[in-house]
Structures are given as C-alpha cells and as structure tokens.
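Below: the structure, in structure tokens.
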Amino acid sequence: MRTYELESLLKSFVLFFILLEVALALNFWHEFQNNKLQLKEKIQIEMKLCAYTAQCNGFKTDFVEKDKDKEENIFYEKGDFYSYFKVPTVEKYLMQVIYPQSQYLLRVEKLRISIYNKFFVYSLFSAFVSFLFSLYAFMPLRKALRMNEEFVKDILHDFNTPISSMRINFNLFKREIGANQKIERLENNIETILSLQNNLQIFLKGIPAQTETLKLKELLEKRIRYFKILYPDVDYRLSVEKVLLQTNKDALVRIIDNLLSNAGKYNKTNGKVSIFIKESSLYIEDTGKGIKNTGSIFNRYYKEQDRGIGIGLHIVKKLCDELDITIKVKSQERKGTTIILNLRALII
C-alpha cells in the first residue's frame, strides 16, 4: 500500500472511530448517570426495609425527637444519606436510618469500573467497525488510483518506442553529417524527456534499494556538461573536491538533475549557477527569479511558474528522505535561490 493510500485509509478510520467514540461516550455517560440515580433509589428502599424489618446491614440507626424539620420517608443527602421513619409504639421519637457516604462512593466506583469495562469492549468493536467502513470507503478510491497509475505506466511504456527511434536516427545523422550543435540540443531535449519519464516512474514505483560507491565530482561534471548545452546562456561553475559517496546513483542523479534543471530554467539571462561543497553539504546557488513560498515548494503539484507540472521538487524531497539527505532552501525573490544538501550520511 502506497504512503498516500495508507494516509487516506488512516484518516478515514480516525474520522469514523472518533464519531463512534463520541456517540459511545455520550451513551455510557447517560447510562452512568441513570445508574447513579437508580442506586440512590435502591438505597432509599433498603432504608425502608431497615426501618420496618430491623435488617440494617450496612446502615446506622438512631432515635431522635420528632419535630417539624424532620419529615418522614424523605431521602436526605447531606454528607451521609439518611431518612426518618415513624416508630409504631412511640409518638415522640422517629427512627433515623443513616447510610454512610463512603459506602455509597464505593458502590459508585464499582459502577464506574463496570461502565469503563463495557466502554472498552464497545470501543474495540467500534474500532473494528470503523476499520471495515474505512476499508469499504477506500476500495473504490484505490481502484481508481490503480487505474490511473496503470494508464500512466502504459503511456510511459509507449514513450520508449518513439524515443528509441529518435535516438537511433540522431546517431545515423551524426555519422552522415558529423557533429552538429543542433543535433546535440535535440539529443539533450530527448534526455530531458527521459528524465521526466524517470521522475514519473519514481513517483509511481518508488526508489530502488541498491547502493554503490561513486565519485561526486565526476557525476556533477557529467551532469553539468549536459545542462550547459541545454542552457547555454547560464554559466555553471563547479568547485568540488574529490568526495566518495555510498548511495543509490540513479536516485542521486534524479535529485541533482532536478535541481540543476530548475537552476537553469528559472535563471536570468547570463545568469550563474555555483555548485560547491562546504562542511559535508552540497550547495547549488543560482541568480534566478527566487521563490516566494519556500515552505510549499516540496508539496506535490505546487508551482510558482507556468512551466512544469509541480512534481519535480516533490520527488527531490521524497528521494532525499529515502537517501537520508537533509535538504534546505534559502531564497530571495529576484536575487536567487540556494539549495543545501547535507551529504554527511553518504560520505565515505
């Protein structure tokens, strides 16, 4: 299950579960209040039995003088519970039956524990029901997502035939007419399409796990040569010492290509891109348009320009997280952007 699918399922589950839990909590609170009321009524009945049968287990009894403040058969709640009852053979006195509050609180606590136990059992059942509802609601969405992904995969696969044909024909042109700058630019455009295709494949399939040892400087030099042809008006400057990395090469190339592409694409005429290492971090500085909202640039489909579809930097962040690279962005509008990749975890 994909991360976004799991997130959707969990959110649906939490929503269903919270709604059921609120309903259960209200129901059991109402039941608890009714049980407390019934307990008081039961205590009052037990008091009457104590007065008329002299079976007063758990009660205290006393005889008090009758007066106008002592009404018979009334349930008093002042600290302890008590009631007054008429003594058949004595006119001046009433029998007072007292039920200690401490015993009442013990019985209330037993009720509370019983309610909590029932609530816990019903909560487990509500969690199960919430999961079933969430799964039921999620399945059509997942089916639609799978159909969409299969459709995109089919399109990506169909790209391979015409692109391969174009590359073969360009190689034949080179043999016939020799090296040509226009052909090189067209080849670079094909490489750009392939790069976008790789981005989409990573977006759909995830990141391969295998790693290898690679030289950062050589990798950067190769990618910069490619982008210098693609953006001839931009001055790419590299200042990197020999650094060995242990990581997934394809994923790292995707990160660098996206960042170098953005640095050239959104740069000004005769702009500069500086790439250098400082304290185990790779810096990519450009003199381009800058970014308004750096906090949103890694969100899927977010973009500040008309060009692109808004998944490049989202994929960069996803790849950085997978490769244990911390990425930071500093930017000022109309002055440029600096991307900082902390490579400490990859350097060997």
Original post:
So, in region 45-77, of the ones that are over 16 Å from Leu94 (Cβ atoms) and modelled with pLDDT of 85 or more, which residue ends up farthest from the chain's Cα centre (by Cα)?
Top reply: Leu49
**OP:** Scan Val108, Val121, Val97 and give me the residue that is in a helix (DSSP H, G or I) and surrounded by 12 or more Cβ atoms within 10 Å (Cβ to Cβ).
**Re:** Val108
**OP:** Give Ser134, Ser114, Ser123, Ser165 a once-over and let me know the one that is more than 28 Å from Ser261 (Cβ to Cβ), more than 31 Å from the chain's Cα centre (by Cα) and polar (S, T, N, Q).
**Re:** Ser114
**OP:** State which residue pairs qualify: first residue on the phi > 0 side of the Ramachandran plot and in the same structural domain as Tyr266 (by TED's automatic domain parsing) and inside region 282-307, second residue outside any loop (DSSP other than H, G, I, E, B) and among the β-branched types (Val, Ile, Thr) in any location, beta carbons under 8 Å apart, and separation of 6 or more residues or different chains.
**Re:** Gly290/Thr337
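Of the residues Leu145, Leu111, Leu156, which single one is farther than 18 Å from Phe17 by Cα, modelled with pLDDT of 85 or more, in contact with a helix residue (DSSP H, G or I) (Cβ under 8 Å, 6 or more places away or on another chain) and of a type in the set (A, V, I, L, M)?
Matching residue, one of Leu145, Leu111, Leu156: Leu111.
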Subject >> region 218-269, residues that are touching an Asp or Glu at 6+ places or on another chain (Cβ under 7 Å), assigned to a helix (DSSP H, G or I) and either modelled with pLDDT of 95 or more or more than 19 Å from Asp321 (Cβ to Cβ) (or both) >> reply: Arg223, Tyr226, Ile229, Ala263
**OP:** Tell me which of these Ile275 doesn't satisfy, since it passes every other one: (1) β-branched (Val, Ile, Thr); (2) surrounded by 14 or more Cβ atoms within 10 Å (Cβ to Cβ); (3) assigned to a loop (DSSP other than H, G, I, E, B).
**Re:** (3)
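In region 159-179, which residue that is of a type in the set (D, E, K, R) and out of contact with any helix residue (DSSP H, G or I) (no Cβ under 8 Å at 6 or more places or on another chain) is modelled with the highest pLDDT?
Going through region 159-179, the residues of a type in the set (D, E, K, R) turn out to be 167, 174-176.
Retained after the next criterion (residues that are out of contact with any helix residue (DSSP H, G or I) (no Cβ under 8 Å at 6 or more places or on another chain)): 175-176.
On the way: Arg175: 78, Glu176: 81.
Step by step, filter region 159-179, then rank; the result is Glu176.
Specify the residue that is modelled with the lowest pLDDT; the eligible residues are those in region 114-142 that are of a type outside the set (A, V, I, L, M, F, W, C) and more than 30 Å from Phe32 (Cα to Cα).
Arg142
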Original post:
Could we say that Glu304 is surrounded by 18 or more Cβ atoms within 10 Å (Cβ to Cβ), outside any helix (DSSP H, G or I) and of a type in the set (Asp, Glu) here?
Top reply: no
Original post:
Within region 69-91, can you find the residues that are in contact with a strand residue (DSSP E or B) (Cβ under 8 Å, 6 or more places away or on another chain), assigned to a loop (DSSP other than H, G, I, E, B) and under 18 Å from Tyr104 (Cα atoms)?
Top reply: Ile74, Phe75
**OP:** Please state which of the following conditions Phe13 fails to meet, knowing it meets all the rest: (1) surrounded by 15 or more Cβ atoms within 10 Å (Cβ to Cβ); (2) over 30 Å from Arg146 (Cα atoms).
**Re:** (2)
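The values are calculated or read from the model by the stated rules, or taken from the named source; none is laboratory data. Owing to the predicted nature of the structure, the values given are computational and were not obtained by experimental measurement. Neighbour counts run over all protein chains shown; Cβ positions are idealised from the backbone, glycine included.
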